[in-house]
1. What's the number of the condition Arg116 fails, among (1) surrounded by 14 or more Cβ atoms within 10 Å (Cβ to Cβ); (2) in a loop (DSSP other than H, G, I, E, B)?
2. Scan region 92-112 and give yes if some residue there is touching a helix residue (DSSP H, G or I) at 6+ places or on another chain (Cβ under 6 Å), modelled with pLDDT under 95 and among the aliphatic types (A, V, I, L, M), otherwise no.
3. Just to verify a result, which residue in region 1-28, among those that are hydroxyl-bearing (Ser, Thr, Tyr) and either more than 20 Å from Glu43 (Cα to Cα) or touching a Gly at 6+ places or on another chain (Cβ under 9 Å) (or both), is surrounded by the most Cβ atoms within 10 Å (Cβ to Cβ)?
4. Out of region 90-128, which residues are in contact with a Leu (Cβ under 9 Å, 6 or more places away or on another chain) and free of Cβ contacts under 8 Å to residues at least 12 places away in the same chain?
5. For region 2-54: of the residues being of a type in the set (Ser, Thr, Tyr) and more than 16 Å from His81 (Cα to Cα), which is farthest from the chain's Cα centre (by Cα)?
6. Does at least one position in region 64-76 carry a residue that is buried (at least 17 other Cβ atoms within 10 Å of the Cβ) and within 18 Å of Leu3 (Cβ to Cβ)?
Amino acid sequence: MTLGRGFTRITDEITKQVRKAKISVGLCHIFLHHTSASLILCENYDPLVQTDLEAFMQRLVPDSDTLYKHAAEGPDDMPSHIRAILTQSFLIVPIKDNQLVLGQWQGIYLWEHRFRSHHRTITVTIQG
């Protein structure tokens with residue numbers, strides 16, 4: 001569950017699933033089943049990176065813009081869909097020696113674009 005607009009680090013949960021699979025070499029495909037949130041690989045050391053990403057996205061895709069006609073669920077409705085399209089709904093991460101192959105400062109995050117909290121569904125497919 002997300003806490004509303006912002007970032008939820010999911011690296012540890014994905015790592016646990018990869019370890020259970022016991023794959024020497026392969027790929028981990030992570031898919032988000034929603035159109036108003038996204039998945040990103042992001043800096044995992046300095047939280048100001050996430051603050052800056054949110055500020056940039058707010059400037060690029062502001063809430064309550066009169067341009068938007070679709071607002072069935074509030075002022076964040078259409079902006080959330082645009083944000084999701086501009087980012088991504090899936091990631092593919094290599095696996096080596098039963099571990100995700102991530103850079104030292106990379107983390108996997110679910111980026112919630114809606115103001116309120118949501119239950120989000122993610123499918124993880126591990127091949128090797």
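1. All conditions pass for Arg116, except number (1).
2. No, every residue in region 92-112 fails to be touching a helix residue (DSSP H, G or I) at 6+ places or on another chain (Cβ under 6 Å), modelled with pLDDT under 95 and among the aliphatic types (A, V, I, L, M).
3. Residues of region 1-28 that are hydroxyl-bearing (Ser, Thr, Tyr), as a first pass: 2, 8, 11, 15, 24.
Filter once more, keeping what is either more than 20 Å from Glu43 (Cα to Cα) or touching a Gly at 6+ places or on another chain (Cβ under 9 Å) (or both): 11, 24.
Values: Thr11: 17, Ser24: 9.
Once the filter is applied, the top-ranked residue is Thr11.
4. Gly103
5. Applying the first criterion (of a type in the set (Ser, Thr, Tyr)) to region 2-54 yields 2, 8, 11, 15, 24, 35-36, 38, 45, 51.
Filter again for more than 16 Å from His81 (Cα to Cα), leaving 2, 8, 11, 15, 24, 45, 51.
Numbers: Thr2: 11, Thr8: 8, Thr11: 10, Thr15: 15, Ser24: 26, Tyr45: 17, Thr51: 15 Å.
Once the filter is applied, the top-ranked residue is Ser24.
6. Quick first cut of region 64-76, residues buried (at least 17 other Cβ atoms within 10 Å of the Cβ) only: 76.
Keeping just the survivors that are within 18 Å of Leu3 (Cβ to Cβ) gives 76.
Yes, region 64-76 contains a residue that is buried (at least 17 other Cβ atoms within 10 Å of the Cβ) and within 18 Å of Leu3 (Cβ to Cβ).
The values are calculated or read from the model by the stated rules, or taken from the named source; none is laboratory data. Bear in mind the structure is a predicted one, so any value in this text is a computation, not a measurement. Positions of Cβ are generated from backbone atoms using ideal geometry, with glycine treated the same way; all protein chains shown enter the neighbour counts.
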